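For reference, the structure is listed below as structure tokens.
We did not get these values from a lab; they are worked out from the coordinates using the rules stated. Only a predicted model underlies this, so the values are computations on that prediction, with no experimental measurement involved. FYI the Cβ positions are ideal-geometry reconstructions off the backbone, even for glycines, and counts take in every protein chain you see.
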Amino acid sequence: MIPASTVKVSLAERSYEITIRAGLLERLGRELKSYGVQGKVGVVTDRHVARHYLKSSLEAIKRHAMDPVPIILTPGERLKTLKTVEHILDVLARHRFERSSMLLALGGGVVGDMAGFAASIYQRGIPYIQVPTTLVAQVDSSVGGKTGVDHRLGKNLIGSFHQPRAVWIDPLTLHTLPTRELVAGLAEVIKYGIIADKSFFAYLRRHMSELRRQSPGIVATVVKRSCEIKAEVVAGDERESDRRRILNYGHTIGHALEALGGYKSFVHGEAVGIGLVQEAELACFQRICSRAVVEEIRRTVKEAGLSDCMPGWNPQRIWKAMLHDKKVSGGRVIGVWPERIGQVRIGPIEKYVFEQWYAVSRVSPHGHA
Ligand SMILES: NC(=O)c1ccc[n+]([C@@H]2O[C@H](COP(=O)([O-])OP(=O)(O)OC[C@H]3O[C@@H](n4cnc5c(N)ncnc54)[C@H](O)[C@@H]3O)[C@@H](O)[C@H]2O)c1
Ligand SMILES: [Zn+2]
């Protein structure tokens, strides 16, 4: 049995702990009790997650004399909307949730982002706890307090910062995750190596096949190290004025591809995987990194089972989609560029540079043609 471990997110009075513990879900009631939670607990989840984990979670909560109210959403990014959040708020209001009532976000990043957003606006803010069940959510979306929904014109365009009271990770929940979703999560994990930790990147390369087979010790180590890096970055810049932007590496192109694919062609991590490679290509084109760096990133992304290829879409449309992302300043896209593995820099890119690169890479042997 792998022992439980914790990671602290240090944000003054908004600080909290991430607990990683196999079998944590069975102890939900006890854990909530130890937080002094009483009365109603809203359990926001989606149908896929509910099928595997809702019954046992509700029972675990009831065993400790709390009153769980399940709120089961339709799965999928396409329903990460204000309308779905309104539905959550309706249930909370109908059940007379109060300022002190607790919400649990039991699911992937979509559930976590929406439950967190609902918690941030219901009665001007109620507490919530993240119980992430996908790899993306366990290493990324559950930590850091960014909540929100998509808008027709852009991903995560509406939202708020609202830190959870705790993040409870049960790595055993990954056993029921479809392989496609597990692999997608590896993109975020690889991202941490590239932006902040060369030896973690090397560790990932050494253990990629065990990671894909969910070898328990490797999964626990990888989830913990990823959470540590995210926690460290978030603690230094809670509201993304500067350093936190490095977490967006791979996401400028990634988000554009997701949007242009109508949130159907790629799941989030798959688009980010392509973004990791193609933004490294762009960095190399701007002479920020060497070709060796690009190839190392490409190899790792492919070993994870992810694609590195840009779809042959119109560059004007891709640029336009990149501009709709929030990381834009005065019409310029602000990118995150690897200098070497473990170190990135933030800087703007002009449209003509992007278009030049795109044209060149269509015909180059390293490109995406
Ligand atoms: N807030 C942040 O800082 C942040 C960071 C990264 C990503 N995100 C957001 O997270 C979302 C992506 O999250 P995701 O990749 O977790 O997707 P997701 O929430 O859509 O989950 C993926 C799929 O797996 C299913 N699922 C979840 N857990 C399962 C389990 N244990 N067993 C079986 N099926 C399970 C879900 O029902 C869904 O069909 C995006 O909307 C993205 O914008 C937010
Ligand atoms: Zn992401």
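For this structure, a couple of remarks:
- Here Pro75 meets each of (1) assigned to a loop (DSSP other than H, G, I, E, B); (2) in contact (Cβ under 8 Å) with a residue 40 or more places away in the chain; (3) under 25 Å from the mean Cα position of the chain (by Cα) with one exception, condition (2).
- Lys80 satisfies every condition listed in (1) in contact with a helix residue (DSSP H, G or I) (Cβ under 6 Å, 6 or more places away or on another chain); (2) within 21 Å of Leu28 (Cβ to Cβ); (3) within 16 Å of ligand 2 (Cβ to nearest atom); (4) of a type outside the set (A, V, I, L, M) except (2).
The rows are residues; the columns are (1) more than 11 Å from ligand 1 (Cβ to nearest atom); (2) buried (at least 18 other Cβ atoms within 10 Å of the Cβ); (3) among the aromatic types (Phe, Trp, Tyr); (4) part of a loop (DSSP other than H, G, I, E, B).
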residue	(1), (2), (3), (4)
Ile218	yes, yes, no, no
Thr221	yes, yes, no, no
Lys230	no, yes, no, no
Val234	no, yes, no, no
Ile253	yes, yes, no, no
Leu257	yes, yes, no, no
Lys264	yes, no, no, yes
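- The sole residue among Ala105, Ala118 that is closer than 30 Å to Ile253 by Cα and in a helix (DSSP H, G or I) is Ala118.
- Within the stretch 153-202, being under 29 Å from Leu28 (Cα atoms), charged (D, E, K, R) and near ligand 1 (Cβ under 10 Å from one of its atoms) holds for Asp170, Arg180, Glu181, Glu188.
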